[in-house]
Amino acid sequence: MVSDQPNLFERNAREKEFDMHKVFLARKFFWPAIAAALLLLLLFVAAYRARPAAAQMASSDGMVCTTGASPNPTFVLTTRTGYIGTPDGNVVFMWGLSEGGNPFQHPSPVLCVNEGDTVTIILHNTLSQDISLIFPGQENVLADGQPVQPQFDAGGLLTSLAPVAAANGGSVTYSFVASHPGTFLYESGTNPGIQVRMGLFGALVVRPVIASDPNGGRYFAYNDAGAAVTSEFNHSPSGEVLILQSEVDPYLSQAIERGQGFNLNNYHPRYWLVNGRGFPDTIAPNYASWLPSQPYGALAHVQPVDSSNPLWYMERFINVSSQPLPFHPHGKNAVVIGRDGQPVRGDAGEDLSFERFALVAAPGQTYDSLFHWHNREGYDSATNPVPVVDPGWANLQYGMYYSGSPYLGMTGPFPPGMSTMSECGEYYIIAHNHALFQLTSWGVPMTGPGTFMRVDPPGGCSPMP
Amino acid sequence: MTKTVTPRRISRRDFLKIGGGVLLATAGAKLLPAFMRRGIELVDVASAQTAPPDLFFAGTDGWIYLPPTPAIPPYHPDTLAPAPFTTYIFGFRNVLGLTPTQIANQKMKAQHTAPLFWARQEVEFRLKLTNLGLQMRPDLTDAHTVHWHGFRDAIPYFDGEPHGSVAVPMGKEFTYVYRPHDPGTYMFHCHVEDVEHVHMGMAGLVFVRPQQDGNTALYPSGKYAYNDGDGSTGFDREFAMMLTEVWAEAHWDDAHIQLPEWSDYRADFALLNGRVYPDTLAPNGSIDPFNPITDANGDLVPTPGYEHLQYQPLSSLVQCNAGERVLLRFASLGFTQSVMTLTGIKMRVVGEDATPKRGRDGTDTSYWTDSLSIYPGASYDAIFTAPPYQGPAPYDTYLLYNRSYRHSNNLEAGGFGGQMTEVRVFPPGTLPPQTIPNT
Ligand SMILES: [Cu+2]
Ligand SMILES: [Cu+2]
């Protein structure tokens with residue numbers, strides 16, 4: 001078993017009172033708070049680089065894979081409990097699964113395997129109720145060597161969608177052959193209305209046999225290298241992004257933490273998250289030190305697609321919430337090439353891909369999409385200026401991710417007392433859930449299920465002196 | 001654009017209307033946007049930067065009308081609303097051609113939905129925005145932006161997302177420049193405090209006409225949704241169907257200096273082009289974005305008998321002759337799902353999110369349906385052929401409505417309302433050709 005997860009430190013939030021009286025953040029005070037958080041982000045760069053090396057170093061951006069030894073990867077997943085931070089300053093009790101001896105994390109690890117692998121998952125349960133895992137989209141899953149079947153009690157009532165790891169120390173071993181590539185989900189099949197919502201879920205990515213062709217070094221989502229149009233994507237370290245959408249009802253979490261009952265008729269999400277974080281935490285790096293239990297960022301970090309950088313980037317969408325969620329990327333539509341772990345093709349191989357600027361994933365659904373950003377107009381301050389007179393900072397309100405200049409790779413003067421987050425005039429272009437009442441964190445607007453695409457100038461970012 | 005061109009009266013758009021791409025290299029070259037002129041002549045940078053806008057929006061607040069009964073005390077109708085209005089909004093107004101005094105007069109005179117407009121593929125479009133402030137909320141100094149939702153490869157400067165870009169404070173102006181390369185149906189909205197500003201009404205529909213327009217060989221009208229190459233998206237009439245919602249409590253909160261808890265969101269009213277049925281059938285006010293009609297103060301002129309719809313000028317009534325092809329352009333900036341159902345007539349979905357229904361290898365993926373599930377932020381282009389006229393009434397009536405029944409009534413149990421309108425099919429030749437969408 002090889003994991004690229006560094007050691008995480010227990011969040012000392014465990015000692016914190018879980019405060020259901022949320023701090024009211026008036027809009028006038030919210031942005032300074034975010035500015036402070038982002039200053040931390042800049043300071044973090046050094047801390048990130050000092051992170052102890054893991055077997056496989058994760059990139060600061062892009063999907064973080066937990067991998068095993070192909071063709072027989074084995075993952076030991078143990079339940080943990082802990083707290084996550086939300087953008088309104090709250091901390092929320094959650095359950096999770098962690099690989100090996102790792103501490104609590106949310107969401108559970110992104111398991112990446114290769115097509116044809118025989119995947120083994122050993123589930124250890126320390127919780128006080130039975131749990132299980134199901135693997136939608138995988139066939140012939142075994143539990144302790146026997147075909148997985150739904151579980152019924154003596155009275156014939158359905159108790160679990162799969163054999164369980166019994167409460168208080170039980171274990172079960174699941175195995176299956178990852179027979180086809182795609183993006184999948186694994187989640188609890190026992191009392192899922194509680195257990196999935198408490199965090200017993202994660203992403204499962206199956207890479208096609210042709211994905212890592214040692215000769216070509218080319219990367220695909222599906223086995224379509226020979227087709228007229230393919231799933232090949234740009235495999236820069238941050239060229240593959242996970243958008244795992246979930247929701248949290250803090251009252252459910254509170255009831256579970258206190259060992260109280262919870263009437264699911266009262267279930268009412270107050271937080272919507274991407275990769276277990278809410279914006280602006282979503283754009284913090286993977287394994288940001290101030291998000292010790294929320295390791296996965298959601299920043300899409302790219303360069304413009306052009307003749308020297310021709311391949312599009314890859315975005316994998318998963319919805320583990322209980323309602324359809326529309327996700328809207330600005331400026332970079334999702335060209336959907338896979339749905340629920342199947343290439344979007346007809347029986348004769350024809351391409352049935354579709355392009356969306358509002359991609360709606362239903363509960364449990366996954367999409368694989370290609371995206372890019374093209375410097376279409378090629379605006380240049382000297383040779384091709386924007387066709388307006390820039391009113392400048394005295395006449396406009398500048399956002400903190402604006403560089404002060406309309407031009408990619410340039411920065412401009414900023415209002416006194418305000419500084420830009422831009423390092424080298426890179427662009428920050430947002431992507432977010434467009435059911436906008438969900439783009440909030442229990443009342444704090446413009447937080448939650450949103451992230452950025454960061455577009456660096458061609459060749460990459462060299463910070464301004 | 002050179003200084004010899006008379007502002008507004010000969011726009012680039014009008015010029016291209018004359019005859020498609022062939023004329024581009026002739027005397028009109030200087031009229032073309034810089035990106036099309038490259039290679040023809042040097043760009044006149046200074047004049048390009050000061051060219052007049054094609055459209056001019058003002059962001060402000062205002063009041064609109066929704067059926068006052070049944071009431072939702074204390075939120076609806078809002079007791080602060082001047083008669084005949086019921087509901088506080090933020091919104092845009094089209095102030096193209098108005099004097100500075102007239103523009104200033106439009107504070108507190110926002111409309112919903114925001115003015116419908118359109119651009120042409122490969123023709124630069126300049127949208128100027130000013131911010132008049134919020135009369136009911138002197139404590140709020142919110143900036144505004146225009147975010148053209150779905151515009152591919154937008155640079156942050158013209159994207160209107162305020163964190164990565166610039167926003168327009170009160171009393172200031174900014175011009176967004178769009179060079180549309182992709183025909184189809186889009187939407188736009190203010191992106192400042194976006195859950196609030198979008199929900200309060202700063203949302204509208206915009207579409208891009210394809211370069212194929214004017215080619216009568218593929219379809220007699222020469223009007224198309226996309227550059228289809230085969231006339232499959234040709235149409236005779238087009239109707240924008242902008243879907244928004246009103247949560248009465250949130251609107252009341254903004255008028256009464258309160259904040260709603262957004263995760264408690266509910267759609268009390270579901271609106272079609274800013275109105276609920278049967279107001280959706282009422283006549284248009286001033287809806288031609290390029291030739292707005294106002295009174296001497298610059299205000300919208302109410303249609304006699306429809307004074308309550310003064311700030312909701314866009315009609316959803318679909319009228320057509322039997323046998324004609326009708327394009328419905330749907331876009332949603334509500335926060336919940338709509339399922340728009342057309343009774344008795346099948347629609348062909350030819351576009352989604354400003355993309356023709358074709359695979360990357362050209363495979364036709366368009367489809368027939370009578371119900372379209374539309375989520376927030378999505379758009380669809382659907383074409384139907386008006387069935388034969390049956391009579392004996394002057395027209396046959398078909399209903400277009402949201403099958404989520406909660407959204408096709410006005411809170412009245414058993415009553416019809418909300419996102420609902422009528423398609424009226426007349427005998428062939430009854431209606432003259434359409435000149436403006438939604439007419
Ligand atoms: Cu947006
Ligand atoms: Cu938008």
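Take the residues in segment A:429-445 that are open to solvent by 10 Å² or more (accessible area, probe 1.4 Å) and in contact (Cβ under 8 Å) with a residue 60 or more places away in the chain; name whichever of them is nearest to ligand 2 (Cβ to nearest atom).
Going through the qualifying residues, I end up with A:Pro445.
Here are the criteria: (1) within 14 Å of another protein chain (Cβ to nearest Cβ); (2) more than 14 Å from the chain's Cα centre (by Cα). Tell me which single one A:Pro310 does not satisfy.
(1)
Is it the case that some residue within segment B:366-376 is within 14 Å of another protein chain (Cβ to nearest Cβ), surrounded by 15 or more Cβ atoms within 10 Å (Cβ to Cβ) and touching an Asp or Glu at 6+ places or on another chain (Cβ under 8 Å)? Quick ask: steps written out before the conclusion?
Keep residues of segment B:366-376 that are within 14 Å of another protein chain (Cβ to nearest Cβ), which gives B:366-367, B:372-376.
Right, trim to surrounded by 15 or more Cβ atoms within 10 Å (Cβ to Cβ) and you get B:366, B:372-376.
Going one step further and asking which of them are touching an Asp or Glu at 6+ places or on another chain (Cβ under 8 Å), we end up with none.
No, every residue in segment B:366-376 fails to be within 14 Å of another protein chain (Cβ to nearest Cβ), surrounded by 15 or more Cβ atoms within 10 Å (Cβ to Cβ) and touching an Asp or Glu at 6+ places or on another chain (Cβ under 8 Å).
If you go through segment A:251-294 one residue at a time, how many are closer than 14 Å to A:Thr451 by Cβ and within 14 Å of chain B (Cβ to nearest Cβ)?
7
Condition check ((1) within 21 Å of the chain's Cα centre (by Cα); (2) surrounded by fewer than 24 Cβ atoms within 10 Å (Cβ to Cβ)) across all residues:
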position	(1), (2)
B:Leu80	no, yes
B:Pro84	no, yes
B:Thr87	yes, no
B:Phe90	yes, no
B:Arg93	yes, no
B:Met108	yes, yes
B:His112	yes, no
B:Phe125	yes, yes
B:Asn131	yes, no
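Any idea which of A:Phe93, A:Phe75 is open to solvent by less than 10 Å² (accessible area, probe 1.4 Å) and either at pLDDT below 95 or hydrophobic (A, V, I, L, M, F, W, C) (or both)?
Details: A:Phe93 fails: open to solvent by less than 10 Å² (accessible area, probe 1.4 Å).
Selected residue: A:Phe75, the only one of A:Phe93, A:Phe75 that is open to solvent by less than 10 Å² (accessible area, probe 1.4 Å) and either at pLDDT below 95 or hydrophobic (A, V, I, L, M, F, W, C) (or both).
Kindly evaluate B:Val246 against the criterion of being more than 14 Å from ligand 2 (Cβ to nearest atom) and touching a Leu at 6+ places or on another chain (Cβ under 8 Å). Even if it seems obvious, please write down each step before you answer.
Numbers: more than 14 Å from ligand 2 (Cβ to nearest atom): yes; touching a Leu at 6+ places or on another chain (Cβ under 8 Å): yes.
Yes; evaluated as a whole, the condition is true for this residue.
What number of residues in segment A:375-393 are within 9 Å of another protein chain (Cβ to nearest Cβ) and among the small types (Gly, Ala, Ser)?
Counting residues in segment A:375-393 that are within 9 Å of another protein chain (Cβ to nearest Cβ) and among the small types (Gly, Ala, Ser) gives 1.
Looking for whichever is within 14 Å of chain A (Cβ to nearest Cβ) and within 14 Å of ligand 2 (Cβ to nearest atom) here; the options are B:His199, B:His181. Which one fits?
Values: B:His181 fails: within 14 Å of ligand 2 (Cβ to nearest atom).
Going through B:His199, B:His181 in turn, just one is within 14 Å of chain A (Cβ to nearest Cβ) and within 14 Å of ligand 2 (Cβ to nearest atom): B:His199.
Has segment B:178-187 got at least one residue that is open to solvent by less than 10 Å² (accessible area, probe 1.4 Å), within 16 Å of ligand 1 (Cβ to nearest atom) and among the small types (Gly, Ala, Ser)?
Within segment B:178-187, not a single residue is open to solvent by less than 10 Å² (accessible area, probe 1.4 Å), within 16 Å of ligand 1 (Cβ to nearest atom) and among the small types (Gly, Ala, Ser).
Identify all residues within segment A:330-366 that are more than 16 Å from ligand 1 (Cβ to nearest atom), among the charged types (D, E, K, R) and within 8 Å of another protein chain (Cβ to nearest Cβ); write none if there are none. Even if it seems obvious, please write down each step before you answer.
Keep residues of segment A:330-366 that are more than 16 Å from ligand 1 (Cβ to nearest atom), which gives A:335-355, A:361-366.
Still in the list and also among the charged types (D, E, K, R): A:339-340, A:345, A:347, A:350-351, A:355.
Within segment A:330-366, A:Glu350, A:Asp351, A:Glu355 qualify.
Considering only segment B:221-271, how many residues are among the hydrophobic types (A, V, I, L, M, F, W, C) and farther than 28 Å from B:Met202 by Cβ? Break it down stepwise before answering.
If we filter segment B:221-271 for residues that are among the hydrophobic types (A, V, I, L, M, F, W, C), which is where we start, we get B:225, B:235, B:239-243, B:246-248, B:250, B:252, B:255, B:257, B:259, B:262, B:267, B:269-271.
Subset that is farther than 28 Å from B:Met202 by Cβ: B:235.
Counting residues in segment B:221-271 that are among the hydrophobic types (A, V, I, L, M, F, W, C) and farther than 28 Å from B:Met202 by Cβ gives 1.
Within segment B:232-244, is there a residue that is within 16 Å of ligand 1 (Cβ to nearest atom) and open to solvent by less than 10 Å² (accessible area, probe 1.4 Å)? Don't jump to the end; show me each part of the working.
Let us first name the residues in segment B:232-244 that are within 16 Å of ligand 1 (Cβ to nearest atom), namely B:244.
Now drop any that are not open to solvent by less than 10 Å² (accessible area, probe 1.4 Å), which leaves B:244.
Checked segment B:232-244: at least one residue is within 16 Å of ligand 1 (Cβ to nearest atom) and open to solvent by less than 10 Å² (accessible area, probe 1.4 Å).
Where residues in segment B:153-172 are facing chain A (nearest Cβ under 7 Å) and touching a residue at least 40 places away in the same chain (Cβ under 8 Å), which of them is nearest to B:Ala51 (Cα to Cα)?
Within segment B:153-172, the first condition is being facing chain A (nearest Cβ under 7 Å), and the residues that meet it are B:153-157, B:159, B:161-169, B:172.
Next, from what is left, pick out any that are touching a residue at least 40 places away in the same chain (Cβ under 8 Å): B:168, B:172.
Values: B:Val168: 19, B:Lys172: 18 Å.
Out of the qualifying residues, it is B:Lys172.
Only residues that are open to solvent by less than 20 Å² (accessible area, probe 1.4 Å), under 26 Å from B:Ala248 (Cα atoms) and part of a strand (DSSP E or B): list them for segment B:380-419, please.
Passing the criteria: B:Leu400, B:Asn402.
Can you find a residue in segment B:66-74 that is open to solvent by less than 20 Å² (accessible area, probe 1.4 Å), in contact with a helix residue (DSSP H, G or I) (Cβ under 8 Å, 6 or more places away or on another chain), in contact (Cβ under 8 Å) with a residue 60 or more places away in the chain and over 25 Å from B:Ser332 (Cβ atoms)?
The answer is no, given that none of the residues of segment B:66-74 is open to solvent by less than 20 Å² (accessible area, probe 1.4 Å), in contact with a helix residue (DSSP H, G or I) (Cβ under 8 Å, 6 or more places away or on another chain), in contact (Cβ under 8 Å) with a residue 60 or more places away in the chain and over 25 Å from B:Ser332 (Cβ atoms).
Collect the residues in segment B:135-178 that are of a type in the set (S, T, N, Q), within 14 Å of ligand 2 (Cβ to nearest atom) and in contact with a strand residue (DSSP E or B) (Cβ under 8 Å, 6 or more places away or on another chain), keeping them in residue-number order. Before the answer, list the steps.
As a first pass, look at segment B:135-178 and keep what is of a type in the set (S, T, N, Q): B:135, B:141, B:145, B:165, B:175.
Add one more test, that the residue is within 14 Å of ligand 2 (Cβ to nearest atom), and what stays is B:145, B:165.
Across segment B:135-178, the qualifying residue is only B:Thr145.
Counting only residues that are open to solvent by less than 30 Å² (accessible area, probe 1.4 Å), give me the strands (runs of 3 or more DSSP E) lying completely in segment A:251-338 with at least 3 of them.
Numbers: elements: A:271-274, A:300-302, A:313-319, A:325-329.
Fully inside segment A:251-338 and qualifying: A:271-274, A:313-319, A:325-329.
Among (1) in contact with a helix residue (DSSP H, G or I) (Cβ under 9 Å, 6 or more places away or on another chain); (2) surrounded by fewer than 22 Cβ atoms within 10 Å (Cβ to Cβ); (3) modelled with pLDDT of 95 or more, there is one condition B:Pro289 misses while meeting the rest; what is its number?
Against the list (1) in contact with a helix residue (DSSP H, G or I) (Cβ under 9 Å, 6 or more places away or on another chain); (2) surrounded by fewer than 22 Cβ atoms within 10 Å (Cβ to Cβ); (3) modelled with pLDDT of 95 or more, B:Pro289 comes up short only on (1).
The values are calculated or read from the model by the stated rules, or taken from the named source; none is laboratory data. Since the structure is predicted, the reported quantities are computational estimates derived from the model, not experimental observations. Glycine also receives a Cβ, built like all others from the backbone with ideal geometry; neighbour counts cover every protein chain displayed. Accessible surface areas use protein heavy atoms only, side chains included; no ligands, DNA or RNA. Shrake-Rupley method; radii C 1.70, N 1.55, O 1.52, S 1.80 Å.
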